[in-house]
1. Return the whole-Å distance between the Cα centroid of the stretch 129-191 and the Cα centroid of the stretch 68-84.
2. Report ³J(HN,Hα) in whole Hz for each residue of the stretch 186-195, in order, from the Karplus equation J = 6.51 cos²θ - 1.76 cosθ + 1.60 where θ = phi - 60°; Gly and Pro get x.
3. Using only the Cα atoms, what convex hull volume per residue in Å³ does the stretch 108-252 have?
4. From the backbone phi of the stretch 107-114, what are the Karplus-calculated ³J(HN,Hα) couplings (6.51 cos²θ - 1.76 cosθ + 1.60, θ = phi - 60°) in whole Hz, Gly and Pro given as x?
5. Quick one: Karplus J couplings for the stretch 29-38, per residue in order, coefficients 6.51, -1.76, 1.60, θ = phi - 60°, nearest Hz, x for Gly and Pro?
6. Could you list the square roots of 5 times each eigenvalue of the Cα gyration tensor of the stretch 99-189, that is, the equivalent ellipsoid semi-axes, sorted largest first and rounded to whole Å?
7. What accessible area per residue, rounded to a whole number of Å², is obtained for the stretch 65-171 using a probe radius of 1.4 Å?
8. Longer than 30 Å from Cα to Cα, which of Lys171/Lys198; Lys114/Lys230; Lys87/Lys199; Lys171/Lys215 are they? Say none if no pair is.
Amino acid sequence: MTPTKTAEATGERVVPARIPLPGDPEDALIDEACRDLRLPAFRERFVEIAGTARREQASYRHLLELLQIEVADREVRRQQRLVRAAKFPRAKRLEDFDFEKNPNVPPELIGELKNPAWVAEGRPLVLIGGSGTGKSHLLIGIGTAVAEAGLVRYTTTSALVNELAEADAAKRLSGVIARYSKVDLLRLDEFGYLDLDKKSAKLLLQIFTEREEHKATAVASNAPFSEWDKTFTDPRLCAAIADRLTFKGTLIQTGTESYRLKVTENDYRSTGRS
């Protein structure tokens with residue numbers, strides 16, 4: 001006897017069972033429409049709100065409330081999908097950044113960067129500061145705020161260089177560069193931790209050149225501009241990359257005093273140890 005295939009096994013869309021609705025036939029029609037239009041939040045709340053409307057002898061203006069619930073639910077899920085697609089390594093939000101602990105970071109400017117207008121204009125952003133000063137938090141936090149409104153991709157500089165080198169060796173570099181050229185906001189962390197040879201620097205320059213004045217790029221570096229020649233050892237390549245990452249851009253200097261180290265020291269003192 002041939003076993004019965006489930007809907008999941010056949011790839012067919014599973015339609016939830018009909019929700020029993022008391023009242024007039026219009027309720028059943030609304031339920032059916034919700035299933036056809038795939039409005040799960042609308043359909044789930046309809047029984048409750050329709051019952052309230054019936055008891056209060058209210059009109060079906062309550063449907064507006066249901067539609068607003070569905071719109072809000074879809075927006076939340078859309079934002080969650082966009083943030084997941086950005087591939088941030090961990091969750092960081094700007095609301096959790098302690099500006100009092102790092103007075104070098106202007107909260108007004110960070111608030112402006114939550115608005116994706118600078119991304120739409122293709123302007124760069126550079127965060128420079130020592131380890132533990134909040135660069136990655138700001139990079140991810142700003143990226144999360146922008147990701148909820150569009151397309152963002154987060155990666156480390158080393159990961160991008162490796163991806164470009166592998167693509168170049170496999171003769172598919174143009175495809176990878178084209179893919180990165182379409183990202184509204186490319187965010188590169190750990191920008192100053194590498195010593196790149198001339199070939200790697202040229203690969204990065206191709207990405208920046210393709211995106212220049214067209215798509216926004218944000219980087220976080222532990223090294224000031226004066227030390228970028230240690231990462232990009234060819235002076236002309238170094239100058240070209242710095243030029244593309246600063247033209248019409250925003251610079252935030254987070255300082256050199258580690259916030260993480262201060263927290264660790266305070267916690268250590270609070271235990272009574274010396």
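1. Taking the Cα centre of the stretch 68-84 as reference, the centre of the stretch 129-191 is 24 Å away.
2. 9, 10, 10, 9, 6, 6, x, 8, 10, 10
3. On the way: hull volume 13.8 nm³, N = 145.
Residue-normalised Cα hull volume stands at 95 Å³.
4. x, 5, 5, 4, x, 5, 6, 5
5. For the stretch 29-38, the Karplus-derived couplings read 5, 5, 4, 5, 5, 4, 5, 5, 8, 6 Hz, x marking Gly and Pro.
6. Working: eigenvalues 157, 55, 15 Å².
Each semi-axis is the square root of five times an eigenvalue, giving 28, 17, 9 Å.
7. Details: 5340 Å² over 107 residues.
Here the per-residue accessible area is 50 Å².
8. Working: Lys171/Lys198 19 Å; Lys114/Lys230 32 Å; Lys87/Lys199 27 Å; Lys171/Lys215 25 Å.
Result: Lys114/Lys230 exceed 30 Å.
The values are calculated or read from the model by the stated rules, or taken from the named source; none is laboratory data. These numbers were taken from a predicted model, which means no experiment stands behind them. Ideal geometry is used to build each Cβ from the backbone, glycine not excepted, and the neighbour counts take in all protein chains shown. Areas reflect the complete protein model, heavy atoms only, side chains present, ligands, DNA and RNA absent. Shrake-Rupley method; radii C 1.70, N 1.55, O 1.52, S 1.80 Å.
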